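Below is one structure; the comments refer to it alone.
The values are calculated or read from the model by the stated rules, or taken from the named source; none is laboratory data. Everything numeric here is computed off the predicted structure, so don't read it as measured data. Positions of Cβ are backbone-derived with ideal geometry, glycine not excepted, and every protein chain shown enters the neighbour counts. Accessible surface areas use protein heavy atoms only, side chains included; no ligands, DNA or RNA. Shrake-Rupley method; radii C 1.70, N 1.55, O 1.52, S 1.80 Å.
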Amino acid sequence: MDLPAVPRLGRVSRRQSAREETRYRARSIGSVQYSTSRYGHEDASMVVYRFGLRGDRSAPDFVLVHGIGVSARSYGPTAAELAKYGDVYLVDLPGYGRSPRPDGDLSIVGHAQVLSDFLAEKKLDHPVVVGHSMGTQVVVQLAANWPDQVDHIALIAPVVVPAARSLLKVAGLLLRDGLREPPIVGLIAFYDYLFRAGVPYMAQQLPHLLNERMEDIAGSVSAKTLVICGTDDPVVPVEWGRELAGLFPENWFVTVPGPHATMFAAPELIAGHLYEHALR
């Protein structure tokens, strides 16, 4: 599943209000209906895709946060599966995918701040916030700094293993993983890296990923935490995922078949685990 083009609005002006959201008409991919919008906070803005459009407030909401370099497209199959259970919001973090690059350097906490403002603006009632790869760092910071907004989080392939926190080691692991991913994942990543985020922004963001120590703040997270690892992921070994999960006060750990981008390898399983987690 690919995501549609979003009309370009340009960068959010500092003269505009602190929060601004522009809506677009609902469309559908097969039987799954979606809408797109752009949400802005100060000089950072996100494109947001909403799948499901159920209007059923008894169903859970899911917010999906991608990893470094890529975009909301990395969740394609899993988003379609999750839409069977509730409304799904896929975000392009500032500077990624179709979201314009912010004026300044945005740290992991900075991304979490923008995400927190979006959740408050949308008035989402304690959604399940899901992160993949670098997105797990953003989600954990969100849960640690704004605990009143989120009580269920899920971390898919949480990075980075302490022994691999260097550019060369991470690059080597990603290359190994690339050989195990389906071709569509490689094509999406290649396009997003080079033509969406771009190399300069990636170089600016990478130190934030490498310096983040999720294990140091896990104990302060009160949200119920699900950690999901792929059994064939060289970037995030199962042993690290299980160890990290144990640091969160309320935790569950599961494995699914597949490499780092397990959202393409096992979407039905992941969606089922996320829905089960939402009901805890």
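First select every other residue whose beta carbon is under 12 angstrom from the beta carbon of Leu93; then total the charges, Lys and Arg +1, Asp and Glu -1.
Residues near Leu93 contribute +1 overall.
Give me the accessible area per residue for the chain, probe 1.4 Å, as a whole number in Å².
Per residue, the chain has an accessible area of 41 Å².
Restricting to bridges with both residues inside the chain, how much of the DSSP beta-bridge set is antiparallel, in percent to the nearest 5?
Numbers: 21 of 46 bridges.
Antiparallel bridges make up about 45 percent of those DSSP assigns within the chain.
What do the square roots of 5 times the Cα gyration tensor eigenvalues come to for the stretch 77-141, in whole Å, largest first, as semi-axes of the equivalent ellipsoid?
Working: eigenvalues 90, 38, 28 Å².
Listed largest to smallest, the semi-axes of the stretch 77-141 are 21, 14, 12 Å.
Considering only protein heavy atoms and a probe of 1.4 Å, how much of the accessible area of the stretch 56-197 is carbon and sulfur, as a whole percent? The partial results should precede the final answer.
Working: 3030 of 4980 Å².
About 61 percent, which is the carbon plus sulfur part of the accessible surface.
What span do the alpha-carbon atoms of the stretch 188-239 cover on each of the three principal axes, reported in whole Å from largest to smallest?
Largest to smallest, the principal-axis extents are 37, 26, 18 Å.
What's the lysine pair count for the chain at a Cα cut-off below 28 Å, pairs eight or more apart or interchain?
Details: Lys84/Lys122; Lys84/Lys123; Lys84/Lys224; Lys122/Lys224; Lys123/Lys224.
Lysine pairs, 8 or more places apart or on different chains, close enough: 5.
When all alpha-carbon pairs of the stretch 142-280 are counted, what percent fall beyond 22 Å?
Considering the stretch 142-280, 43 percent of its Cα-Cα pairs are separated by more than 22 Å.
For Cα pairs less than 8 Å apart in space and 6+ apart in sequence, what is the mean separation divided by the residue count of the chain, i.e. the relative contact order in percent?
Answer for the chain is 18 percent.
Evaluate E = 1/(1 + (r/R0)^6) for Trp252 and Ala59, where r is the Cβ-Cβ distance and R0 equals 25 Å; express this FRET efficiency to the nearest 0.05.
0.75
Would you indicate which of (i) 21.3; (ii) 19.2; (iii) 18.5 is the value of Kirkwood radius over Cα pairs in Å derived from the coordinates of this structure?
Answer by label: (iii).
Summing -39500 (n - 2.57) over the DSSP H runs of n ≥ 4 in the chain and dividing by its residue number, what mean residue ellipticity at 222 nm do you reach, to the nearest 500 deg cm²/dmol?
On the way: 10 runs with 96 residues, N = 280.
Per the formula, -10000 deg cm²/dmol.
Could you sort the peptides 40-47, 140-147 by per-residue average Cβ neighbour count (10 Å cutoff), highest mean leading?
Values: 40-47: 22.9, 140-147: 21.4.
Final packing ranking: 40-47, 140-147.
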